[in-house]
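Heads up, the thing below is written out as structure tokens.
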Amino acid sequence: MKRPPPKGTSSVSKGKSYAAIGAYWDAHELPPTDAKRKSVDFAVDIRRRQYLVAIEPELFAKVRRRAAKQGVSAERLLNLWAREKCAASR
């Protein structure tokens, strides 16, 4: 499935499609002292994993309402419940 082109144009390449932007960067490099470029530091934890699990829509609606009452996300509440259930079954 083809993605729609980005809105407007790329600020540097002036490309109006992903193909045009890609073609520009295939032929160009950033200048060594680009004034707009900022250094950033970040850490990546490649050990963390997320798993997608199917849940019935009606059940998830109940979980989401309960989580909202407790001021947490549905994901956090489900993780807490799963952790508690596993700990109790040892």
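The values are calculated or read from the model by the stated rules, or taken from the named source; none is laboratory data. Keep in mind the model is a prediction, meaning the values are calculated, not measured. No Cβ is skipped: glycine too gets one built from the backbone with ideal geometry, and neighbour counts run over all protein chains shown. We work out accessible area using only protein heavy atoms, side chains counted, and drop any ligands, DNA or RNA first. Shrake-Rupley method; radii C 1.70, N 1.55, O 1.52, S 1.80 Å.
What order do Phe42, Phe60 take when sorted by accessible area (1.4 Å probe), most exposed first? Provide the component values of the computation, followed by the final result.
Values: Phe42 165, Phe60 65 Å².
Output order, biggest surface exposure first: Phe42, Phe60.
Net charge within 12 Å of Leu59 by Cβ-Cβ distance, Lys/Arg positive one each and Asp/Glu negative one each, not counting Leu59 itself? Show your work: numbers first, answer last.
On the way: positive: Lys62, Arg64, Arg65, Arg66; negative: Glu56, Glu58.
Around Leu59, the surrounding residues sum to +2.
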